[in-house]
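What follows is a short report on a single structure.
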Amino acid sequence: MISDKILKRVSKPGRYIGGEYGQILKDKNDIKCRWAFCFPDTYEIGMSNLGMRILYGSLNSQPDIWCERCYTPWEDMQKEMKENNVPLWALESGDPLCNFDIVAFTLQYELCYTNVLTMLDLAGIPLMADERDENCPIIIGGGPCAYNAEPVADFFDIFSIGEGEEALCELSRLYINMKDNGSYSRKSFLHEAAKLEGFYVPSLYGVSYNGDGTIKEYKPLYDDIPTRIKKRIVKDMDKAYFPEKVVMPYIETVHDRIMLEVCRGCYRGCRFCQAGNLFRPVRRKSANTLNEQAKTLFKNCGYDEISLTSLSISDYPYLETLCDELLCWTEDKKIGLSLPSLRIDSFSKELMERISSVRSSGLTFAPEAGTQRLRNVINKGVCEEDLMNAAKIAYNGGKSSVKLYFMMGLPTEQLEDLEGIAQMAEHVIDAYYQNPDRKKGSRPPQVTISVASFIPKPFTPFQWEAQDKLQVLLDKQKYLGSKITNRKIKYNWHEAKVSHLEAVFARGNRRLSKAILEAHKRGLMFDSWDEYFNYEKWMQIFADCGIDPEFYANREYAEDEILPWDIIDIGVTKEFLLREKKAAYAERVTPNCVEKCSGCGANKLGGENSCCPKA
Amino acid sequence: MLPQSVRIKFQKINVLKFISHLDLCRTMKTALLRAGIPVWYTEGFNPHPKMVFSLPLSIGTESECEYMDIKITEEMSFDEIKQRLSDALTADMAILDVYAPEMKFQEIGYATYEITPYASYDLSPLSKDEVNITKRTKKGEATVNVKDRIVSVSENEGKIYMILSADTERFVNPEHLLALCKSEDHRIVRKEVYTRNMKIFR
């Protein structure tokens, strides 16, 4: 635990004090397995993560397991800790991480990797998995980046693949049993863990490379561990563990609101989208379950906003029922509903009225590409008419600010596709003035377009694509800017250098760990923060390590190449992804799962209240 | 008569000294909602529970006498409010008392502080004729002589006790005085709030 004297000297001391309402304290004497659950970013970001809330609750639902929280201290605190010999501690008990049985990291985005090393270093835990002895905690990683965690494989003992609420309890059980019956050693535990479904122990799989740097082979070191690691899913969302209590932060975090997880997965099949493939099959909660869970959450946390969380909320078939049931009691309590992932083709007047009944918020839509041709390539499946309809509904309802998300650098993109983005934004503005039903006296329309750069992601039909080189992306950003002349259109773009580094890591292999280690040694951390991100330093590090970042980001991967993430089985098959890639180049739209099953393979994982045919 | 004014006295101790006033407001708001207190909302575009606080506490200072006024729109006994709100907060922010306000916040004149020093200090600067502290204001830094705002400073069994002016215009932060005394490590707890007539505030 940290002293007041130090806390008085650092910025935002509220990040480090713990003691929140809803935190879980246990008697150490009753505990057989202690978890330190780390989010490798600041407290404010980590505390807003729904996955971590769920896993914190599910592990703590076991009487002999105690899971605590830990976040990356800001640089001023890191300095104080080093100067005063304070090792990184967990918030609940204040005990140093090195005393825990298991230290877990949730890997939500690639640019958190240096923070993982920062935290291990502050905890005094050896950074390399093969340098850890019997006294070291087991270091485990999970979350979306664990599906291709090869760039950080050398730092982790185990990866949890897929949904963790059941799997992590099983892993703890194995740990406790082996400790109890005396069969535990670090080596034997890792071997046994590798046999559990959904756990990848990277040190037990040898990788060999071809002369050109591509992968030759993944070879399991034992015969009794699987050759591919199958992801875990929770089959029935209505019966899944649900955290009734929330740790209530004292300080303001990114999302101070109830996050009501409506469903997992998305049946649309956008070809650039990783989440849409990783989290298949779609599994939904019933409206009744959700309404009850929302009531419980409100009683236990008191937030005045409920965010309906899903990859595509307007695709939830019982959305109307759910909103009506929620509004029965939320309106009275002045609780606002927010729907963060609206699709323009399923947005209705009724839906908008429901979400704006208490607090007004702007509307955000994601057409993703500027022309119908390119939208067909990415299988976005919406047309300009949908957007105009959605905009009209918004204007009639008195909304005048609309945010549009796009991507640039998508496969097959031409300059006219970029112009299309500017035109779409213009049309949304025009729709306001052409609309006689718009609410009188409302503010003039404001359209914000946010343009991200395409990143080829593992487990998508575009996983083989080359990312546009940095200069091409920068030129495209400039070109689009030149096409936007209307002052009512605000143009934002993502930093292309960041997207480039993300692409390197997203499709990286184990050889990148050398660069990440070196980056840590040279003081890099908080790469996802503008004030810390240093592209030039990263490029220097790659050069010094003999790594060509373009090999990972800007190379078209061969279709018959063994990919670093082929060792993971997410349910969706490589054959399906390849079919989808071909359909993309044929500019052919694939119907969504509700219209027609395309045989992606995810149905073999099972799942209740899904749209999949039974396997 | 509804809506009825209710005064809530609470503490803010231990690690909560690092929580800002704004964060305290947010915490209280969620606590009121999870406690199911029928709190009166402000009207307008963005309705929120009406809460009025007495003296905002500086970060780093603890207190056993914080006050918040709310209004309730339905009958609820003071005991029940106390119970429900206590259950919705941690012990460091325990609810000490709930009652109908007897005085106005504007009547507050003084506060007492108990200081536990953990390192060396020298109180002599406080007994000089002028006690100048530098305050940061909108116009820049200003030096103010606060001698007449210090009612008393005493020591007893290793602790320092101060009675200081606390009304808005003349508020003295004990941390500033301790800086003059070269005390670098200490605990400050606000113990009691008084009116201008030196009556215990209620």
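The values are calculated or read from the model by the stated rules, or taken from the named source; none is laboratory data. Keep in mind that what you see is a predicted model, and the values were worked out from it rather than measured. Reconstructed Cβ throughout: ideal geometry from the backbone, glycine too, with neighbour counts over all protein chains shown. Remember, those area values only see protein heavy atoms, side chains included, never the ligands or the DNA or RNA. Shrake-Rupley method; radii C 1.70, N 1.55, O 1.52, S 1.80 Å.
A few notes on this one:
Residue-by-condition table, conditions (1) farther than 24 Å from A:ASP569 by Cα; (2) in contact (Cβ under 8 Å) with a residue 12 or more places away in the chain; (3) open to solvent by 10 Å² or more (accessible area, probe 1.4 Å):
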| position | (1), (2), (3) |
| --- | --- |
| A:ARG228 | no, yes, yes |
| A:LYS231 | no, yes, no |
| A:ASP238 | yes, yes, yes |
| A:GLU244 | yes, yes, yes |
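- From the options B:SER58, B:SER63, residue that is buried (at least 21 other Cβ atoms within 10 Å of the Cβ), more than 10 Å from chain A (Cβ to nearest Cβ) and under 13 Å from the mean Cα position of the chain (by Cα): B:SER63
- Listing of strands (runs of 3 or more DSSP E) fully contained in region A:263-377 that carry 2 or more residues being within 24 Å of the chain's Cα centre (by Cα), among the charged types (D, E, K, R) and within 14 Å of chain B (Cβ to nearest Cβ): none
- Of the residues making up region B:66-93, those that are within 12 Å of chain A (Cβ to nearest Cβ), crowded, with 20+ Cβ neighbours inside 10 Å and more than 18 Å from the chain's Cα centre (by Cα) are B:LEU85, B:ALA88.
- Scanning region A:132-150 turns up no residue that is among the basic types (Lys, Arg) and within 28 Å of the chain's Cα centre (by Cα).
- Which numbered condition B:LYS9 misses (of (1) more than 14 Å from chain A (Cβ to nearest Cβ); (2) surrounded by 19 or more Cβ atoms within 10 Å (Cβ to Cβ); (3) in a helix (DSSP H, G or I)): (3)
- A:PHE533 vs. criteria in contact with a Gly (Cβ under 8 Å, 6 or more places away or on another chain) and surrounded by fewer than 20 Cβ atoms within 10 Å (Cβ to Cβ): no
- First in region A:378-389 and outside the structural domain of A:ALA366 (by TED's automatic domain parsing), second anywhere and outside any loop (DSSP other than H, G, I, E, B), Cβ under 7 Å, 6 or more apart: none
- Scanning region B:12-21 for residues that are of a type in the set (Lys, Arg) and facing chain A (nearest Cβ under 10 Å) yields one hit, B:LYS17.
- The set of residues from region A:177-217 being farther than 18 Å from A:ILE138 by Cα and either at pLDDT below 95 or buried (at least 16 other Cβ atoms within 10 Å of the Cβ) (or both) comprises A:VAL207, A:THR214, A:ILE215.
- Scan of region A:133-166 for residues that are polar (S, T, N, Q) and buried (at least 24 other Cβ atoms within 10 Å of the Cβ), ordered by number: A:ASN148, A:SER160
- In region A:550-570 there is no residue matching the filter, namely being farther than 19 Å from A:ILE455 by Cα, modelled with pLDDT of 95 or more and either of a type in the set (Gly, Ala, Ser) or touching a Cys at 6+ places or on another chain (Cβ under 6 Å) (or both).
- Residue within region B:22-41 that is polar (S, T, N, Q) and away from every other protein chain (no Cβ under 12 Å) present: no
- Selection status of B:LEU89, in a loop (DSSP other than H, G, I, E, B), touching a residue at least 40 places away in the same chain (Cβ under 8 Å), within 17 Å of B:ALA31 (Cβ to Cβ) and touching a Phe, Trp or Tyr at 6+ places or on another chain (Cβ under 8 Å): yes
- Residue within region B:42-51 that is away from every other protein chain (no Cβ under 12 Å), touching a residue at least 12 places away in the same chain (Cβ under 8 Å) and crowded, with 17+ Cβ neighbours inside 10 Å present: yes
- Residues that are more than 14 Å from chain B (Cβ to nearest Cβ) and in contact with a Pro (Cβ under 6 Å, 6 or more places away or on another chain) number at least 2 in the following helices (runs of 4 or more DSSP H) confined to region A:1-106: A:50-60.
Rundown of residues vs (1) open to solvent by less than 70 Å² (accessible area, probe 1.4 Å); (2) at pLDDT below 95, yes/no style:
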{"position": "B:ILE95", "(1), (2)": "yes, no"}
{"position": "B:TYR110", "(1), (2)": "yes, no"}
{"position": "B:ASN132", "(1), (2)": "yes, yes"}
{"position": "B:THR143", "(1), (2)": "no, yes"}
{"position": "B:ILE160", "(1), (2)": "yes, no"}
{"position": "B:LEU164", "(1), (2)": "yes, no"}
{"position": "B:GLU169", "(1), (2)": "no, yes"}
{"position": "B:ASN173", "(1), (2)": "yes, yes"}
{"position": "B:TYR194", "(1), (2)": "yes, no"}
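- Restricting region B:165-202 to residues that are of a type in the set (Gly, Ala, Ser) and more than 12 Å from the chain's Cα centre (by Cα), the residue that is farthest from A:LEU7 (Cα to Cα) is B:SER165.
- All of (1) modelled with pLDDT under 95; (2) open to solvent by 20 Å² or more (accessible area, probe 1.4 Å) hold for A:LEU174 with one exception: (1).
- Residue in region A:231-247 that is under 30 Å from A:VAL377 (Cβ atoms), away from chain B (no Cβ under 14 Å) and in a loop (DSSP other than H, G, I, E, B) present: yes
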